[in-house]
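Can you keep this structure in mind? I'll have questions shortly.
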Amino acid sequence: MSVIYLLISISIIVAIAFLIAFIKAVKSGQYDDDYTPSVRMLFDDEIVKKENPNKLIQTEKQKSI
Amino acid sequence: MDAENCFHCGNEILKKDEIVFDEKKFCCNGCKTVYEIFSQNDLTCYYDFQAAPGATPQDIQGKYDFLDNEEIVTKLLEFQERTTHIVSLYIPHIHCSSCIWILENLQKLQPGINASQVNFPEKKVRITFNPEQTSLKDIVYLLSSIGYEPYISLENFDEGKKKIDRTLIYKIGVAFFCFGNIMLLSFPEYFEVEEYWIDQYRGFFRWLIFGLSLPTFIYSASGYYVSAWKSMKSGLLNIDIPIALGIVVMFVRSTVDIVFDYGQGFFDSMAGLIFFMLLGKLFQKKTYDFLSFERDYKSYFPIAITKVLPNGDEESVQVYDIQKGDRLLIRNQELIPVDGILISEKASIDYSFVTGEAVPIEKKSGDKVFAGGKQMGKVIEMEVLFSVSQSYLTQLWSNDVFQKRVEQQHKNITDRISRYFTPALLALAIVSFIYWIFIDVTTAFNVFTAILIVACPCALALTAPFTLGNVLRILGKRKLYLKNALVVEQLAKVDTIVFDKTGTITTNKKTAITYEGTELNSSELRLLKNVLRGSNHPLSRRLYDFIPNQEKVETSSFEEIIGKGIFAEIEGNTIKLGSSQFLKTMTENTHKKTKVHVEINGVYKGSYVFNNQYRKGLEELFADLAKHYNLVVLSGDNDGEKRILEKMLPSKTTLVFNQKPEQKLQYIEQLQKEGKNVMMVGDGLNDAGALAQSNLGLSISENVNVFSPACDGILDATQFDKIAFFMQYSKNAMKTIYMSFGLSLLYNVVGLSYAVTGALDPIVAAIIMPLSTITIVSFVTILTNLYAGKK
């Protein structure tokens, strides 16, 4: 039954590791801005259009007043 | 995309200015250029995240020349090394996800920029760049050219690195860690499984729990001990005393319990209680990082200014280095930092920061110009009379009001309740102790500690933070930004509201002029403009500016009848301009609209209508407020508008004119001496003193991001007519708090009934505590939202 000492110790150590990780994260400033990252992560999916830039310059000549 | 609105900035397109480019419509060349920059760099995704996210770039020619000055740049940089510089810039325009996207892709627009990161709540962008390839000035120009002009002021220059206080988060982290683990380890005992192994390991579990509770007890709860100690020393009984007492008693009693093997103790409740209360603190700490409530002149003034050296060269100097006798160059839209004498022939200075009056004042060579004015138009030159710290405007800030910054003598609602709660609780504990001591000494101690534990006013302490925190958030959504939760309480207590006139109950924006009647042809317009040139009446000046430029013609006769109008002869035509009585027309002058009627050669043509410059909903608002509050209008202007205001506003309203900034301050002071609780609503720097003196200073701002003097709250100008609702809402919030106080006391009574009879099980405490917390939190959340919805 003394395995319970071992198991509980391990579980507490794991918990402490998470606590330390949390404190480190806060210290490094990850929690200072809790809005921007939530928006930023959505940008990665942008589709990079491989358009020919010449086309745009042409339209500029035609359409600019 | 709306066809009528600009693809880039979303403003309405005037037909004559419309520019079509790449099948998209733009309102002006600036917006088109930004679009061009983006499309050539493959950054049109900008428009995908949000429709019309942009701003029209402003003309900034020469405005940032001071960024050539090494010394100034060094002060602005956050980090500096040979190949890496880091700078944080405040950009007021940041408002949507498109902004984040474009600003984080700056490196695609300019080589030399390595990375950029946006902090949205603070509206800041942090740019890492290589100074060998680009410079801060180039970056600022780039940002300005895409419509994201940074705001650099003297304040940036002075502030050191801000230290962010994260202790509360650490404390919550630690408390939650302990709370969670203690709860898990407590479960076996909750169910009291009388099994062999539980008996065997009970000691181990209990001591482990004891160990886990130490960090919470010592570190997380430390704030409460300090606060309780302070309040005891100052003789005030605040809510932190019973809290600290409860925590300490809980800890000691639980330790005694496990040492003598009486039971499992209340460590679980203690950790939970601390965790929930810290959470409440966090909830209340709503801040608007992009707003500054403590602004003084520093945030208005530019960092550097162009100085003209005796040999004619120009040089950027720091504002603090300006000395008497220096010659300065002030460009269009630049703020005059010091008092001085105008050297250039003519200047037109907008003192709207100082007075709230938007119409620029004409100055001639040799006139005195004061700090705080903004030059409109050509570049001017001036000679300095005083240094920055001695100028009139900055002198205003040396007034005592700004120095002492009122050490909150205001007691918050929780503390007022606890003044009765704490003694009552102690009395009850002692009485029951004395009662039980005759029966059984051990039970007596148990009852005494149980009372203190169960009555630990967790729910009571949570009520106000959660309600007020919620109210702050709801008000913030409606564009009333309050400095902190205490302001809500003060808002509910106000009985007198003082309004500034110019800029507060009137708008700062130039009023639109419209013409009604028979269309005037170009020759008639020419005559009109020439007649108006001779008149100095404010309406004539405005009308003169309104009519497009015309050829100059001399008037042959000109007569101005004061208070009525102008009668003039020009090129053989007779022109009559003025009020309806003067022209004997039928249309009447209502108080809402000011009209200038036109008659040419005896034929009535029509009238120019100057639209009402009072804010929308002013009359209704005042009528509403007058039912509950004393209203005062303080104005720096002369009493020219007295009659109009008297007609518009409720008769109870006190109107005071010709008030200088110091007099406004004194007026408020006088009201306070009469025992009034004064709220000041103002806008310009001229109200700054009054705003600071009043019990609650509310600043009205057309642009919340940039200009507002030091105050307790900032209200977006578009929400002006909602003031009555905000006042009512704050009162309802207080009502909510009282109701939920009642509720939490009910829980206390239930808990105490267990405690006094000596039957408090740890499990009962562990159930009552979170249950009361949850009830209170949901109760106040529902109620505050309910009140907000009801209008």
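The values are calculated or read from the model by the stated rules, or taken from the named source; none is laboratory data. Remember, predicted model here, so these are calculated numbers, not experimental data. Here Cβ is always computed from backbone atoms with ideal geometry, including for glycine, and neighbour counts include all displayed protein chains.
Kindly indicate whether any position in segment B:95-104 is farther than 24 Å from B:Thr306 by Cβ, among the β-branched types (Val, Ile, Thr), within 30 Å of the chain's Cα centre (by Cα) and at pLDDT 85 or above.
No, every residue in segment B:95-104 fails to be farther than 24 Å from B:Thr306 by Cβ, among the β-branched types (Val, Ile, Thr), within 30 Å of the chain's Cα centre (by Cα) and at pLDDT 85 or above.
Just need a number here: residues in segment B:144-171 that are crowded, with 21+ Cβ neighbours inside 10 Å and at pLDDT 85 or above.
Counting residues in segment B:144-171 that are crowded, with 21+ Cβ neighbours inside 10 Å and at pLDDT 85 or above gives 1.
Can you pull out every residue in segment B:64-89 that is part of a loop (DSSP other than H, G, I, E, B) and in contact with a helix residue (DSSP H, G or I) (Cβ under 8 Å, 6 or more places away or on another chain)?
B:Tyr64
Working carefully through the options B:Val118, B:Val140, find the one that is touching a helix residue (DSSP H, G or I) at 6+ places or on another chain (Cβ under 8 Å), crowded, with 20+ Cβ neighbours inside 10 Å, modelled with pLDDT of 85 or more and more than 12 Å from every other protein chain (Cβ to nearest Cβ).
B:Val140
Next question, about the same structure. Only one of (1) more than 8 Å from chain A (Cβ to nearest Cβ); (2) more than 16 Å from B:Gly147 (Cα to Cα); (3) surrounded by fewer than 18 Cβ atoms within 10 Å (Cβ to Cβ) fails for B:Asp42. Which number is that?
B:Asp42 satisfies all of (1) more than 8 Å from chain A (Cβ to nearest Cβ); (2) more than 16 Å from B:Gly147 (Cα to Cα); (3) surrounded by fewer than 18 Cβ atoms within 10 Å (Cβ to Cβ) except (1).
What is the residue count in segment B:307-345 for residues that are assigned to a loop (DSSP other than H, G, I, E, B) and closer than 18 Å to B:Val388 by Cβ?
Counting residues in segment B:307-345 that are assigned to a loop (DSSP other than H, G, I, E, B) and closer than 18 Å to B:Val388 by Cβ gives 10.
Residue check, B:Ile37 against (1) under 17 Å from B:Ser145 (Cα atoms); (2) not in a helix (DSSP H, G or I), all met but one. Which one?
(2)
Quick check on this structure: which one of B:Lys374, B:Lys364, B:Lys368 is in contact with a helix residue (DSSP H, G or I) (Cβ under 8 Å, 6 or more places away or on another chain), of a type in the set (Lys, Arg) and at pLDDT 75 or above?
None of the other options fit; the residue is B:Lys374.
Can you name every residue in segment B:670-703 that is surrounded by fewer than 20 Cβ atoms within 10 Å (Cβ to Cβ) and at pLDDT below 80?
Within segment B:670-703, B:Glu702, B:Asn703 qualify.
Ok, one more. Mind listing just one residue for me: the one in segment B:90-106 that is within 9 Å of chain A (Cβ to nearest Cβ) and part of a helix (DSSP H, G or I) and, of those, surrounded by the most Cβ atoms within 10 Å (Cβ to Cβ)?
Among those residues, the one meeting the criterion is B:Ile100.
Something else: Test of understanding: among B:Asn601, B:Asn536, which residue is more than 30 Å from B:Leu696 (Cα to Cα), of a type in the set (S, T, N, Q) and at pLDDT 75 or above?
Just one listed residue meets the conditions, B:Asn601.
Residue-by-condition table, conditions (1) more than 19 Å from A:Met41 (Cβ to Cβ); (2) not polar (S, T, N, Q):
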residue: B:Glu78; (1), (2): yes, yes
residue: B:Arg82; (1), (2): yes, yes
residue: B:Ile86; (1), (2): yes, yes
residue: B:Leu103; (1), (2): no, yes
residue: B:Ile113; (1), (2): yes, yes
residue: B:Lys124; (1), (2): yes, yes
residue: B:Ile127; (1), (2): yes, yes
residue: B:Leu143; (1), (2): yes, yes
residue: B:Ser153; (1), (2): yes, no
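While we're looking at this one, here's another question. Kindly indicate the residue of segment A:1-33 that is at the interface with another protein chain (Cβ under 8 Å from one of its Cβ atoms) and under 16 Å from the mean Cα position of the chain (by Cα) and also nearest to B:Ser213 (Cα to Cα) among those meeting that condition.
It comes out as A:Phe22.
Right, another one. I'm told B:Phe276 meets every condition in (1) touching an Asp or Glu at 6+ places or on another chain (Cβ under 8 Å); (2) modelled with pLDDT of 85 or more except one. Can you identify the failing condition by its number?
B:Phe276 satisfies all of (1) touching an Asp or Glu at 6+ places or on another chain (Cβ under 8 Å); (2) modelled with pLDDT of 85 or more except (1).
So, one more: Could you please find all residues in segment B:1-39 being surrounded by 15 or more Cβ atoms within 10 Å (Cβ to Cβ), closer than 29 Å to A:Met41 by Cβ and away from chain A (no Cβ under 14 Å)?
Selection gives B:His8, B:Cys9, B:Gly10.
Also: Looking only at residues in segment B:293-349 that are under 26 Å from B:Thr74 (Cα atoms) and of a type in the set (Phe, Trp, Tyr), which one is modelled with the highest pLDDT?
If we take residues in segment B:293-349 being under 26 Å from B:Thr74 (Cα atoms) and of a type in the set (Phe, Trp, Tyr), then B:Tyr320 is modelled with the highest pLDDT.
Can you work out which of the residues in segment A:34-44 that are part of a helix (DSSP H, G or I) and facing chain B (nearest Cβ under 7 Å) is surrounded by the fewest Cβ atoms within 10 Å (Cβ to Cβ)?
Once the filter is applied, the top-ranked residue is A:Phe43.
Could you tell me whether segment B:771-786 includes any residue that is of a type outside the set (Val, Ile, Thr), surrounded by fewer than 20 Cβ atoms within 10 Å (Cβ to Cβ) and in contact with a Leu (Cβ under 7 Å, 6 or more places away or on another chain)?
Yes; the residues of segment B:771-786 include at least one that is of a type outside the set (Val, Ile, Thr), surrounded by fewer than 20 Cβ atoms within 10 Å (Cβ to Cβ) and in contact with a Leu (Cβ under 7 Å, 6 or more places away or on another chain).
For a quick check of your reading: which helices (runs of 4 or more DSSP H) sit entirely within segment B:431-547 and have at least 3 residues that are under 30 Å from B:Val596 (Cβ atoms)?
Here the list reads B:522-533, B:538-546.
Condition (residue is within 28 Å of the chain's Cα centre (by Cα) and either at positive phi or hydrophobic (A, V, I, L, M, F, W, C) (or both)) applied to segment B:17-33: is it met by at least one residue?
No, the conditions are met nowhere in segment B:17-33.
Right, B:Asp59: surrounded by fewer than 21 Cβ atoms within 10 Å (Cβ to Cβ), farther than 15 Å from B:Ser98 by Cα, modelled with pLDDT under 75 and within 11 Å of chain A (Cβ to nearest Cβ) or not?
In short, no.
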